[in-house]
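Peer 1: One structure is given below, represented as structure tokens, and several questions about it will come after.
The values are calculated or read from the model by the stated rules, or taken from the named source; none is laboratory data. The shown structure was predicted, so the numbers you read here are calculated from the model rather than taken from an experiment. In this analysis, Cβ positions are derived from the backbone assuming ideal geometry, glycine residues included, and neighbour counts consider all displayed protein chains. Ligands, DNA and RNA are stripped out before the accessible areas are found, and what is left, the full protein with its side chains, is counted by its heavy atoms. Shrake-Rupley method; radii C 1.70, N 1.55, O 1.52, S 1.80 Å.
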Amino acid sequence: MYTAIGYAAQSATTPLAPMRFERRSPRADDVAIEILYCGVCHSDIHQARNEWGIAVYPLMPGHEIVGKVTAVGSKVTRYKAGDLVGVGCMVDSCRHCEACAANLEQYCLEGPTMTYATPDRVDGSNTMGGYSSSIVVSEHFVVRIPVGMDPANAAPILCAGITTYSPLKHYGIKPGDRVGILGMGGLGHMGIKFAKALGAEVTLFTRSPAKADEARRQGADHVVVSTDAAQMQAVAGHFDFLLDTIPVQHDLNPYLETLTFDGVHILVGLIEPVDPALHAANLVMKRRVLAGSLIGGIAETQEVLEFCATHGITCDIEMLDIREINQAYSRMIAGDVKYRFVIDMATLTA
Ligand code: NDP
Ligand code: ZN
């Protein structure tokens with residue numbers, strides 16, 4: 001064990017504050033990492049404030065981690081000290097169920113161990129995330145940052161990137177498909193870039209008309225202001241796929257009506273009950289599908305990093321001093337970030 005520092009919430013109503021805590025010494029299959037950068041995901045806010053009702057305190061968020069390997073366990077074969085690596089939303093899973101065997105650890109039938117606020121499978125301790133100086137993770141859950149990729153820009157690919165890439169790949173998005181991205185924050189702006197790179201005609205649905213020009217710069221072909229009924233009506237029956245990153249309960253019905261027959265509405269932002277209620281006719285009458293998707297497996301996380309390197313896709317980031325993390329949360333809720341905060345861990349001092 002050794003002492004690490006990080007920022008954690010002690011309860012749902014207290015701001016994040018510095019905390020000292022113990023990290024384990026590397027087990028045989030572990031990689032110890034000095035964290036250089038960590039992205040700030042809206043899930044971190046949901047969890048720090050217990051908005052999903054599953055938080056465990058103290059809660060140290062952070063699952064878009066990039067850092068340098070400092071030590072490896074005796075059985076580690078893929079990494080050595082000095083390697084630039086990443087850790088995303090998961091740090092373990094059962095590794096033998098049908099989902100794990102299919103490289104879909106996120107759907108582990110026994111439940112994956114998340115990077116924070118989940119009991120470690122070996123010692124039962126509460127996992128602590130990447131708003132910290134270091135982390136120790138089994139090598140299976142570590143990915144390699146491609147040579148030449150900027151490490152700060154790479155961090156959000158570990159969650160915002162894989163979460164938007166995975167469903168677009170799963171549903172086979174191809175040239176000519178009409179894809180709508182709902183919400184342009186951390187996930188949404190990556191969704192635009194991936195859908196465009198896969199050849200789709202891309203439309204951003206936003207409640208923020210001021211984002212229209214910026215969305216086009218990100219690669220969107222069209223912008224629909226979702227609060228404008230006339231604009232929503234004008235795209236009725238138009239889309240093949242919608243990727244919904246909106247982080248709060250919202251009316252799905254007006255969006256479903258913009259899908260063509262067999263169209264698929266993929267939820268990634270919402271895990272609460274759908275409210276207002278879904279009009280089933282919006283599915284039944286057009287054989288539409290309402291779907292969901294959770295991050296992506298470890299192999300696919302490595303794949304999306306390579307995809308970004310090959311296609312020159314980067315995340316748009318604002319570098320953050322960790323001492324301003326609470327203000328950053330307020331700004332994210334106000335939609336005032338372009339488009340991902342990334343903590344520069346050099347600002348974390350004892
Ligand atoms: P951000 O806060 O960066 O962006 C969310 C965007 O949604 C905003 O920029 C805004 O876009 C839109 N939005 C925000 N509030 C509202 C509102 N009240 N009504 C309508 N639209 C709104 O969040 P992230 O991109 O980091 O995360 C998005 C969601 O995805 C979160 O709920 C997060 O927990 C979840 N998530 C899910 C994962 C999964 O595996 N399924 C993994 C990671 C995150 P605009 O101004 O353009 O409308
Ligand atoms: Zn996330």
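Peer 1: From the backbone phi of segment 89-105, what are the Karplus-calculated ³J(HN,Hα) couplings (6.51 cos²θ - 1.76 cosθ + 1.60, θ = phi - 60°) in whole Hz, Gly and Pro given as x?
Peer 2: Per-residue couplings from phi come out as 7, 10, 10, 5, 7, 5, 6, 9, 6, 4, 5, 4, 5, 8, 6, 10, 4 Hz.
Peer 1: For segment 161-292, what value does the Rg/Rh ratio take when both radii are computed over Cα atoms and Rh is the Kirkwood radius, given to two decimals? Don't skip to the answer; put the middle values down first.
Peer 2: On the way: Rg = 13.2 Å, Rh = 14.4 Å.
Taking Rg over the Kirkwood Rh, I get 0.92.
Peer 1: Which number comes out as Rg/Rh for the chain once both Rg and the Kirkwood Rh are worked out on C-alpha atoms?
Peer 2: Working: Rg = 19.9 Å, Rh = 20.5 Å.
Using only Cα positions, Rg/Rh for the chain is 0.97.
Peer 1: Along the positive direction of the dipole of segment 199-350 (beta-carbon charges: Lys, Arg +1; Asp, Glu -1; about the Cα centre), which of Ala299, Gly312, Thr203 reaches farthest?
Peer 2: So the residue we want is Thr203.
Peer 1: Sorted by packing (mean other beta-carbon atoms within 10 Å per residue), highest first, where do 121-131, 149-159 land? All intermediate terms of the calculation are to be shown ahead of the outcome.
Peer 2: Details: 121-131: 18.9, 149-159: 24.4.
Most protected by this proxy first, the peptides run 149-159, 121-131.
Peer 1: Taking the DSSP beta bridges in the chain as the whole, what percent of them are antiparallel, to the nearest 5? Walk me through the numbers before you get to the answer.
Peer 2: Numbers: 33 of 60 bridges.
Roughly 55 percent of the DSSP beta bridges within the chain come out antiparallel.
Peer 1: Across 10 Å bins from the origin, how do the percents of Cα pairs in segment 20-76 run, short distances first?
Peer 2: Calculated P(r), rounded to whole percents: 21, 37, 32, 10.
Peer 1: Using r as the Cβ-Cβ distance of Thr77 and Met1, and R0 as 30 Å, what FRET efficiency do you calculate, to the nearest 0.05? Each step should come with its number before you reach the end.
Peer 2: Working: r = 25 Å, r/R0 = 0.82.
Given R0 = 30 Å and the Cβ-Cβ separation, E is 0.75.
Peer 1: Here's another thing I want to ask about it. Over all distinct alpha-carbon pairs, what is the Kirkwood Rh of segment 75-148 in angstrom? Working shown, then result.
Peer 2: Working: mean 1/r = 0.0754 Å⁻¹.
The Cα-based Kirkwood calculation yields 13.3 Å.
Peer 1: Additional query: Could you order peptides 11-20, 192-201 by the average number of other Cβ atoms within 10 Å of their residues, highest first? Show your work: numbers first, answer last.
Peer 2: On the way: 11-20: 13.6, 192-201: 22.0.
Order by mean packing, descending: 192-201, 11-20.
Peer 1: Could you work out how far the C-alpha centroid of segment 76-93 sits from that of segment 275-350, in angstrom?
Peer 2: 21 Å
Peer 1: Gap in Å between the Cα centre of segment 20-73 and the Cα centre of segment 197-237?
Peer 2: Cα centroid to Cα centroid, the span is 35 Å.
Peer 1: What number of lysine-lysine pairs in the chain show an alpha-carbon separation below 24 angstrom, given a sequence spacing of 8 or more or placement on distinct chains?
Peer 2: 12
Peer 1: D for segment 1-132, whole µm²/s, Stokes-Einstein with Kirkwood Rh over alpha-carbon pairs at 37 °C and 0.692 mPa s: what number? Before the final figure, lay out each step's value.
Peer 2: Details: Rh = 15.4 Å.
The diffusion coefficient I find is 213 µm²/s.
Peer 1: Let me ask something additional. Which value, in Å² rounded to 10, gives the accessible area of Leu104 with a 1.4 Å probe and all protein chains present?
Peer 2: For Leu104, solvent-accessible area is about 70 Å².
Peer 1: Amide H to amide H, which residues 5 or more places from Thr127 or on other chains are under 5 Å from it, using H placed in the peptide plane?
Peer 2: Amide H neighbours of Thr127, under 5 Å, 5+ apart: Ala117, Thr118, Asp120.
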